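Student: One structure follows; several queries about it will come next.
The values are calculated or read from the model by the stated rules, or taken from the named source; none is laboratory data. All figures in this text were calculated on a predicted structure; none of them were measured in a lab. Please note: Cβ atoms are built from the backbone with ideal geometry, for glycine as well, and neighbour counts cover all protein chains shown.
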Amino acid sequence: ETGVTQTPRHLVMGMTNKKSLKCEQHLGHNAMYWYKQSAKKPLELMFVYNFKEQTENNSVPSRFSPECPNSSHLFLHLHTLQPEDSALYLCASSQVTGYAEKLFFGSGTQLSVL
Amino acid sequence: SQQGEEDPQALSIQEGENATMNCSYKTSINNLQWYRQNSGRGLVHLILIRSNEREKHSGRLRVTLDTSKKSSSLLITASRAADTASYFCATDAGGNNRLAFGKGNQVVVIP
């Protein structure tokens, strides 16, 4: 257990559905991240929040909408997704120190879009 | 942004043997990290080596860093079946303190 909890572990949704992924960290970190992992591709950084403020959005389509109500919680709201959005979505947290510190990952949500 | 590139991509070894993986990168870095991922799970941090370090050990893991060649290696000694996983290197060369990950290196340890 890394101290980062993601729910749900698995999600199947149709292209017209709306769903949300949840992430919670119990490590006292002040940065949280969403990554997308597709087969045979490097991990793709989607969003970064430092001290609850979004500091990075790597050209992610608007059908993905992040929300960070506080330093411990992070959501990824999904709507009108496409089949190519099927992937493992990973949440991570870290301390903000001015350097790239080690990341603590959750177990991920395996998303299938039908 | 640049990414670490692991080599070889897949490795199959017998239990008890050593496994070595390499990672190359393109621009200067502050640190390089290695992570392990078991199938369908999140990544677990293994070791971080800073640009002014040449070698680091953690249990059965040994990481080297050669900044002149822009490469790193991860050695797992006396491998066990539980070491079966994908191993990723990640670097922070983007200048924004963000990690860029390689595609991963799958290691299978046969009991």
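Student: Restricting to region B:62-93, count the residues that are outside any strand (DSSP E or B) and over 14 Å from B:T27 (Cα atoms).
Tutor: Result for region B:62-93: 8.
Student: Within 13 Å of chain A (Cβ to nearest Cβ) and either in a loop (DSSP other than H, G, I, E, B) or surrounded by fewer than 15 Cβ atoms within 10 Å (Cβ to Cβ) (or both): does that describe B:G40?
Tutor: Considered against the rule, which asks whether it is within 13 Å of chain A (Cβ to nearest Cβ) and either in a loop (DSSP other than H, G, I, E, B) or surrounded by fewer than 15 Cβ atoms within 10 Å (Cβ to Cβ) (or both), B:G40 comes out as yes.
Student: I've got another one for you. How many residues does region A:71-114 contain that are of a type in the set (S, T, Y) and not in a strand (DSSP E or B)?
Tutor: Total satisfying the criteria: 7.
Student: Follow-up question, since we're still on this one. Identify, from the list A:S72, A:S20, A:S38, A:S62, the residue that is farther than 24 Å from B:R41 by Cβ and either out of contact with any Leu (no Cβ under 6 Å at 6 or more places or on another chain) or free of Cβ contacts under 8 Å to residues at least 24 places away in the same chain (or both).
Tutor: Only one candidate qualifies: A:S62.
Student: If you don't mind, another one. Does region B:94-102 include one or more residues that are in a loop (DSSP other than H, G, I, E, B), within 11 Å of the chain's Cα centre (by Cα), within 14 Å of chain A (Cβ to nearest Cβ) and under 28 Å from A:A87 (Cβ atoms)?
Tutor: Checked against the condition, which is being in a loop (DSSP other than H, G, I, E, B), within 11 Å of the chain's Cα centre (by Cα), within 14 Å of chain A (Cβ to nearest Cβ) and under 28 Å from A:A87 (Cβ atoms), region B:94-102 yields at least one hit.
Student: Now, a different point. Of all residues in region B:72-92, count the ones that are closer than 11 Å to B:M21 by Cβ and away from chain A (no Cβ under 14 Å).
Tutor: Within region B:72-92, residues that are closer than 11 Å to B:M21 by Cβ and away from chain A (no Cβ under 14 Å) number 5.
Student: Follow-up. Filter region A:1-37 down to the residues that are outside any strand (DSSP E or B) and acidic (D, E) and list them by number.
Tutor: Hit for region A:1-37 is A:E1, nothing else.
Student: Another question about this same structure. State all residues of region B:1-23 that are at pLDDT 95 or above and not in a strand (DSSP E or B); if no residue qualifies, say none.
Tutor: Those that are at pLDDT 95 or above and not in a strand (DSSP E or B): B:E15, B:G16, B:E17, B:N18.
Student: Suppose we filter B:L99, B:L46 for residues that are at pLDDT below 95 and either touching an Asp or Glu at 6+ places or on another chain (Cβ under 7 Å) or buried (at least 18 other Cβ atoms within 10 Å of the Cβ) (or both); which single one remains?
Tutor: B:L99
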